[in-house]
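Single-structure report; data block below.
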Amino acid sequence: MSENPAEPDSRITTDQVAHLANLARIALTPEEIEKLTGELGVIIDSIAKVSEVATADVPATSHPIPLTNVFRPDVIGATLSQEEALSGAPEHDGSRFKVSAILGEEQ
């Protein structure tokens, strides 16, 4: 591995990047291939550094801090009566809201 993170890893070559781009059916210019070669090298170096410190005695985690449930208990509160709910409706049939159709006849 290279010591300088800006320096591309020698394990990734431009030929490999061009081959992967071809397999993925991605058209890349030579400049893009060169840039991706360096970027992929840096990614591989970073993964290698993490792998060095990830040991069997360090448990895997999905989140750095413990998560807790933030929901409140479901408590039934005061609700509107049917008459109160319908009192502000532009149209109702006495027990339900009336709304105009939004779907055409073909549906």
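Evaluated against (1) loosely packed, with under 10 Cβ neighbours inside 10 Å; (2) touching a Gly at 6+ places or on another chain (Cβ under 9 Å), Glu84 falls short on exactly one condition, (2).
Go through (1) in a loop (DSSP other than H, G, I, E, B); (2) more than 31 Å from the chain's Cα centre (by Cα) and name the single condition Arg25 misses. Only one criterion in (1) in a loop (DSSP other than H, G, I, E, B); (2) more than 31 Å from the chain's Cα centre (by Cα) is unmet by Arg25, namely (2). Is at least one residue of region 61-75 in a helix (DSSP H, G or I) and farther than 30 Å from Phe97 by Cβ? No, region 61-75 contains no residue that is in a helix (DSSP H, G or I) and farther than 30 Å from Phe97 by Cβ. So, Ile12, is that one assigned to a loop (DSSP other than H, G, I, E, B) and in contact with a Gly (Cβ under 7 Å, 6 or more places away or on another chain) or not? Spelling it out, Ile12 is indeed assigned to a loop (DSSP other than H, G, I, E, B) and in contact with a Gly (Cβ under 7 Å, 6 or more places away or on another chain).
Any residue at all in region 43-61 that's closer than 30 Å to Asp15 by Cβ, hydroxyl-bearing (Ser, Thr, Tyr) and either in contact with a strand residue (DSSP E or B) (Cβ under 7 Å, 6 or more places away or on another chain) or surrounded by 10 or more Cβ atoms within 10 Å (Cβ to Cβ) (or both)? Yes, region 43-61 contains at least one residue that is closer than 30 Å to Asp15 by Cβ, hydroxyl-bearing (Ser, Thr, Tyr) and either in contact with a strand residue (DSSP E or B) (Cβ under 7 Å, 6 or more places away or on another chain) or surrounded by 10 or more Cβ atoms within 10 Å (Cβ to Cβ) (or both).
Computed from the coordinates by the stated procedures, all read-outs in this text should not be read as laboratory data. Because the structure is predicted, anything quoted here is derived from the model rather than measured. Heads up, the Cβs are rebuilt from the backbone with ideal geometry, glycines too, and the neighbour counts pull from every protein chain shown.
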